Amino acid sequence: MRKIIMMALLAAFAIGANAQEKKSNKPVFTTVKEIPITSVKDQNRSGTCWDYSTLSYFEAEILKATGKTYDLCESFVANKTYMDRAIQVVRLHGDCQFSQGGSAYDVLYVLKNYGICPEDAMPFPGSLYGDSLNNFTEFFSLMSPYVDAVAKNSASKISTQWKPGLQGILDAYLGECPKEFTYEGKKYTPETFVKSLGINLDDYVSITSYTHKPFYTQFPVEVQDNWRNPLSWNLPMDDMMRIIDNAVANGYTVAWGGDVSEDGFTRKGLAYAIDTKGTSLVGSDMARWLKLSRVEKTNLLDSLGCLVPELTPTQERRQMRYDNWELTDDHGMLIYGLAKDQNGKEYYMVKNSWGEAGDYKGIWYMTKAFIADNTMDYLVNVNAIPKDILKKMKDARKNQPLGD
């Protein structure tokens with residue numbers, strides 16, 4: 001009898017567990033394509049996602065081209081970029097923004113014009129001021145007013161001494177950029193080191209998609225952190241997405257920049273383009289999405305999991321959200337693969353720079369609809385672009401280079 005009761009209990013437990021499993025909507029991912037990348041890093045309390053994500057992109061490009069793994073130095077890029085940005089702010093008498101943010105092009109510009117060094121050629125992030133990772137709170141509270149004071153000075157003529165003063169702040173918090181260093185037993189300068197990495201820095205182009213400019217032309221995307229005004233190729237949304245798909249299918253990563261402030265971007269490592277307007281998400285008696293508090297939205301998203309209803313992105317919607325400030329340029333990440341959930345929905349595998357945050361240890365699974373709806377622009381290797389699209393781009397430029 002005891003044996004029968006025990007078997008009945010086990011059977012009941014199995015049935016209950018099976019029901020619980022069926023009830024769970026947490027996505028179960030199957031990898032379709034995964035491109036080798038370098039390790040996840042942590043930008044911590046600094047607005048340097050553009051720096052971390054794009055150097056991660058170039059590390060993946062080097063890995064693809066040479067099979068070698070490098071850890072390139074974000075502090076080197078930040079040091080050079082913030083000085084250049086300060087010079088522009090002063091030149092324009094403060095009529096532009098000085099901030100922590102930037103774009104993928106800033107990293108490409110530094111590589112082309114200043115070179116790069118490995119991570120261990122400069123102090124570890126945060127170590128100069130007693131922290132274990134970057135913390136730009138004090139750093140920018142000193143640097144921003146300094147730049148502002150110079151840019152808005154009432155003098156009829158300013159000296160050049162503000163530059164070494166600012167360089168002192170940069171070096172104190174980020175470390176001094178080395179003029180020479182040794183890597184694997186060989187001496188390099190930043191310029192010779194970047195030439196040794198095995199990639200062609202002229203192979204990279206920026207892609208975007210908006211209707212206020214003609215398609216298959218180039219223009220500087222009008223966002224504040226795109227302060228160097230590099231040109232992006234303006235393509236129809238479908239072509240913009242085809243390039244990402246073709247890149248991943250052929251082993252290329254993508255340095256993505258876009259909007260992660262939407263409710264569908266969760267801190268657990270998922271991103272959905274939620275269909276929020278006029279949608280009752282789990283029944284006619286459920287309060288509509290727009291009336292829910294942020295906590296209620298988060299709880300509902302967690303319960304829905306991979307069953308979150310998604311909208312269909314359109315060219316018109318992208319333009320509307322860009323024009324009304326809803327679509328913002330607030331984060332940079334690295335697209336490096338493709339996966340499917342248990343229902344067959346496709347997600348891009350995306351590397352973040354928040355350490356091993358979320359359920360997937362620093363990796364986000366972002367649906368194709370989310371990427372199409374929230375992309376501001378991205379950097380990609382021209383060799384990853386489908387031939388028909390590349391031909392249109394070349395025809396548009398005739399004999400000129402595809403980049404800016």
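The values are calculated or read from the model by the stated rules, or taken from the named source; none is laboratory data. What you are looking at is a predicted structure, and each value in this text was computed from that prediction instead of being measured. For neighbour counting, all protein chains shown are included, and Cβ atoms are generated from backbone atoms with ideal geometry for every residue, glycine included. These accessible areas exclude ligands, DNA and RNA; they are computed on the full protein's heavy atoms, side chains included. Shrake-Rupley method; radii C 1.70, N 1.55, O 1.52, S 1.80 Å.
What the table shows:
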item	result
Set N343, N352: member being polar (S, T, N, Q) and either open to solvent by 60 Å² or more (accessible area, probe 1.4 Å) or over 22 Å from I207 (Cα atoms) (or both)	N343
Options S144, S132, S99: the member that is among the polar types (S, T, N, Q), assigned to a loop (DSSP other than H, G, I, E, B), open to solvent by less than 70 Å² (accessible area, probe 1.4 Å) and within 27 Å of N44 (Cβ to Cβ)	S99
Residue in the range 294-304 that is at pLDDT 95 or above, among the aliphatic types (A, V, I, L, M), open to solvent by 60 Å² or more (accessible area, probe 1.4 Å) and not in a loop (DSSP other than H, G, I, E, B) present	no
Subset of the range 191-231 that is in a loop (DSSP other than H, G, I, E, B) and charged (D, E, K, R) - its residue that is most open to solvent (accessible area, probe 1.4 Å)	E222
Qualifying residues in the range 353-404 (those that are part of a helix (DSSP H, G or I) and among the polar types (S, T, N, Q)) - the one farthest from A249 (Cα to Cα)	N374
First in the range 374-402 and farther than 16 Å from Y57 by Cβ, second anywhere and open to solvent by 40 Å² or more (accessible area, probe 1.4 Å), Cβ under 8 Å, 6 or more apart	N374/E262; P386/R242; P386/N246; I389/R242; A396/T217; P401/D202; L402/K394
Output for the range 373-401, where each listed residue is out of contact with any helix residue (DSSP H, G or I) (no Cβ under 6 Å at 6 or more places or on another chain), surrounded by 11 or more Cβ atoms within 10 Å (Cβ to Cβ) and either under 30 Å from E326 (Cβ atoms) or not charged (D, E, K, R) (or both)	D373, N374, T375, M376, D377, Y378, N383, L390, K392, M393, A396
Any pair with Cβ under 8 angstrom, 6 or more apart, that starts in the range 30-42 at a residue that is farther than 12 Å from V350 by Cα and touching a residue at least 40 places away in the same chain (Cβ under 8 Å) and ends at one that is outside any strand (DSSP E or B) and acidic (D, E)	T30/D341; K41/E74
Test result for K112, at pLDDT 95 or above, within 25 Å of the chain's Cα centre (by Cα) and open to solvent by 70 Å² or more (accessible area, probe 1.4 Å)	yes
